[in-house]
1. Of the residues that sit in the range 1-15 and are touching a residue at least 40 places away in the same chain (Cβ under 8 Å) and touching an Asp or Glu at 6+ places or on another chain (Cβ under 9 Å), which one is most open to solvent (accessible area, probe 1.4 Å)?
2. For the range 37-75, name all the residues that are assigned to a strand (DSSP E or B) and surrounded by fewer than 14 Cβ atoms within 10 Å (Cβ to Cβ).
3. Can you tell me which residues in the range 16-28 are open to solvent by less than 60 Å² (accessible area, probe 1.4 Å), touching a residue at least 12 places away in the same chain (Cβ under 8 Å) and either over 12 Å from Val72 (Cα atoms) or aliphatic (A, V, I, L, M) (or both)?
4. For the range 29-76, enumerate the residues that are within 14 Å of Lys2 (Cα to Cα), among the hydrophobic types (A, V, I, L, M, F, W, C) and touching a residue at least 24 places away in the same chain (Cβ under 8 Å).
5. Any idea which of (1) open to solvent by less than 30 Å² (accessible area, probe 1.4 Å); (2) of a type outside the set (A, V, I, L, M); (3) not in a helix (DSSP H, G or I) is the one Glu33 doesn't satisfy?
Amino acid sequence: MKPLLEYLAKALVDNPSEVEVTLVEGEKSIVLELRVSKSDMGKIIGKQGRIAQALRTIVKAASVRDGKKVLVEIIE
């Protein structure tokens with residue numbers, strides 16, 4: 001899931017070199033923390049959070065086959 005989220009985020013932002021995805025693994029879930037530059041924060045969140053929600057949906061759909069719950073957090 002981490003490479004997928006990183007690829008999608010880099011395609012959306014102006015500064016792809018500043019995209020950082022950190023994986024935090026728990027017992028039943030995985031948290032992917034996405035960090036981007038401040039100037040790209042609006043592009044990742046989108047109007048009314050639609051792009052952020054779409055990213056979460058794509059990652060969640062891709063994680064179904066692993067049997068773990070994956071959460072995407074956007075960190076400022």
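1. Among those that are touching a residue at least 40 places away in the same chain (Cβ under 8 Å) and touching an Asp or Glu at 6+ places or on another chain (Cβ under 9 Å), it is Met1.
2. Lys69, Glu73, Ile75
3. Result: Val19, Val21.
4. Residues satisfying the conditions are Ile30, Val31, Leu32, Leu34, Leu55, Ile58, Val59, Ala62, Val70, Leu71, Val72, Ile74.
5. Status for Glu33: all satisfied but (1).
The values are calculated or read from the model by the stated rules, or taken from the named source; none is laboratory data. Not measured: the values here are computed from a predicted model. A quick note on method: Cβ atoms are made from the backbone with ideal geometry, for glycine too, and the neighbour counts reach across all protein chains shown. Surface accessibility is based on the protein's heavy atoms, side chains included, excluding ligands, DNA and RNA. Shrake-Rupley method; radii C 1.70, N 1.55, O 1.52, S 1.80 Å.
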